[in-house]
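Q: Dropping a structure here in structure tokens format, bear with me for questions.
The values are calculated or read from the model by the stated rules, or taken from the named source; none is laboratory data. Model, not experiment: these values are computed from the prediction. Every residue, glycine as well, gets a Cβ built from its backbone with ideal geometry; the counts of neighbours run over all protein chains shown. We work out accessible area using only protein heavy atoms, side chains counted, and drop any ligands, DNA or RNA first. Shrake-Rupley method; radii C 1.70, N 1.55, O 1.52, S 1.80 Å.
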Amino acid sequence: MAIQTDRQREVVVEKRDEKLTPPPMYQVVLLNDDYTPMEFVVGILRRIFAKSEYEASRIMLKVHHEGRGVCGVFPREIAETRVEMVRRSAQERQHPLQCIMEPAPAD
């Protein structure tokens, strides 16, 4: 047997003009070394960062000539995961490839 009550509840909705700020972004950067094969770096860029053959080769050459190259810009957790994936893959193949993350420059 159900009992009904006549209680009315008022719902107060307060409108706030809050603007959500996007999460801080981080760039994932590969660092040059004299031992890691260029083909391995291109493979990392294709597998982990989903770069095309052309884009992966361009980034690899930038790393080779300038000492570093940005692989992508991501929220912190994704950037951390990508850095760890690169480190593990390089370690498994016994390559000294280094990958870091740093705050992305503001646009």
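Q: Say we look at the stretch 46-86 and pick out the residues that are acidic (Asp, Glu) and under 9 Å from the mean Cα position of the chain (by Cα); which of these is nearest to residue 32 (Cα to Cα)?
A: Residues of the stretch 46-86 acidic (Asp, Glu): 53, 55, 66, 77, 80, 84.
Applying the additional criterion that residues be under 9 Å from the mean Cα position of the chain (by Cα) yields 77, 80.
Numbers: 77: 24, 80: 19 Å.
Among those residues, the one meeting the criterion is 80.
Q: Pick from the stretch 37-61 the residues that are aromatic (Phe, Trp, Tyr) and either open to solvent by 40 Å² or more (accessible area, probe 1.4 Å) or out of contact with any strand residue (DSSP E or B) (no Cβ under 7 Å at 6 or more places or on another chain) (or both): which of them is farthest from residue 91 (Cα to Cα)? Step through it out loud before you land on a result.
A: Our first condition is that a residue be aromatic (Phe, Trp, Tyr); within the stretch 37-61, this holds for 40, 49, 54.
Now narrow it down to the ones that are either open to solvent by 40 Å² or more (accessible area, probe 1.4 Å) or out of contact with any strand residue (DSSP E or B) (no Cβ under 7 Å at 6 or more places or on another chain) (or both): 40, 54.
Working: 40: 12, 54: 25 Å.
Among those that are aromatic (Phe, Trp, Tyr) and either open to solvent by 40 Å² or more (accessible area, probe 1.4 Å) or out of contact with any strand residue (DSSP E or B) (no Cβ under 7 Å at 6 or more places or on another chain) (or both), it is 54.
Q: Would you say residue 28 is among the β-branched types (Val, Ile, Thr), under 23 Å from residue 106 (Cβ atoms), outside any strand (DSSP E or B) and open to solvent by less than 50 Å² (accessible area, probe 1.4 Å)?
A: No: the conditions fail for residue 28.
Q: On the given criteria, is residue 7 more than 23 Å from residue 106 (Cα to Cα), open to solvent by 100 Å² or more (accessible area, probe 1.4 Å) and at pLDDT 95 or above?
A: Values: more than 23 Å from residue 106 (Cα to Cα): yes; open to solvent by 100 Å² or more (accessible area, probe 1.4 Å): yes; at pLDDT 95 or above: no.
Taking the combined requirement at face value, the residue does not satisfy it.
Q: If you don't mind, another one. Output the residues belonging to the stretch 87-107 that are over 17 Å from residue 33 (Cα atoms) and open to solvent by less than 40 Å² (accessible area, probe 1.4 Å).
A: Passing the criteria: only 104.
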